[in-house]
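Undergrad: Have a look at the structure that comes next, please.
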Amino acid sequence: PFVSFKHRKTRLQTQLLRTCQEDMETPQVMGPAQTCMTHCCCLAIQHRDAAPTWMLQATETLEPSCYTKLCFCSCSPEPRRVSTLAQQPELAGLAGVTLQAGDHLTGGSLETLRWANFDSSNLVADLA
């Protein structure tokens, strides 16, 4: 008789699913080296569940990192302006929180075009 395994999970799949769920529920703890590197080179590490707050509602940038202060002479937060991208019905979803897909360095990270400079005549968004 023909048996379809298409919808049956193997033990390995079940274990991987359980491990992934546990990893998502387990708080990630940074060690001293990661904490130092984050404070010097990055702005902050934020929890993904709070993304709507820190990505979409903040009206100014975070306090600049040591790297940004020293290398770019940017010493204070800057005001954010909502992009005109959100006014384009076909593109409005990009002004929310999106997940980067792919096998590149930032794959799996969150992004938003809410604060991008958007040229509606050429349909080009600039994140810089």
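The values are calculated or read from the model by the stated rules, or taken from the named source; none is laboratory data. All values derive from a computational prediction rather than experimental measurement. Every residue, glycine among them, receives a Cβ derived from its backbone with ideal geometry; neighbour counts consider all protein chains shown.
Undergrad: Say we look at segment 61-92 and pick out the residues that are of a type in the set (Asp, Glu) and surrounded by 10 or more Cβ atoms within 10 Å (Cβ to Cβ); which of these is farthest from Cys41 (Cα to Cα)?
TA: Applying the filter and picking the extreme gives Glu78.
Undergrad: On the given criteria, is Ser109 of a type outside the set (D, E, K, R) and modelled with pLDDT of 90 or more?
TA: no
Undergrad: Taking Ala95 as meeting all but one of (1) loosely packed, with under 10 Cβ neighbours inside 10 Å; (2) under 10 Å from Leu113 (Cα atoms), write down the number of the exception.
TA: (1)
Undergrad: Being touching a residue at least 12 places away in the same chain (Cβ under 8 Å) and either assigned to a helix (DSSP H, G or I) or over 19 Å from Ala50 (Cα atoms) (or both) narrows it down to one of Leu85, Leu70, so name that one. Reasoning before the result, please.
TA: Details: Leu70 fails: touching a residue at least 12 places away in the same chain (Cβ under 8 Å).
Selected residue: Leu85, the only one of Leu85, Leu70 that is touching a residue at least 12 places away in the same chain (Cβ under 8 Å) and either assigned to a helix (DSSP H, G or I) or over 19 Å from Ala50 (Cα atoms) (or both).
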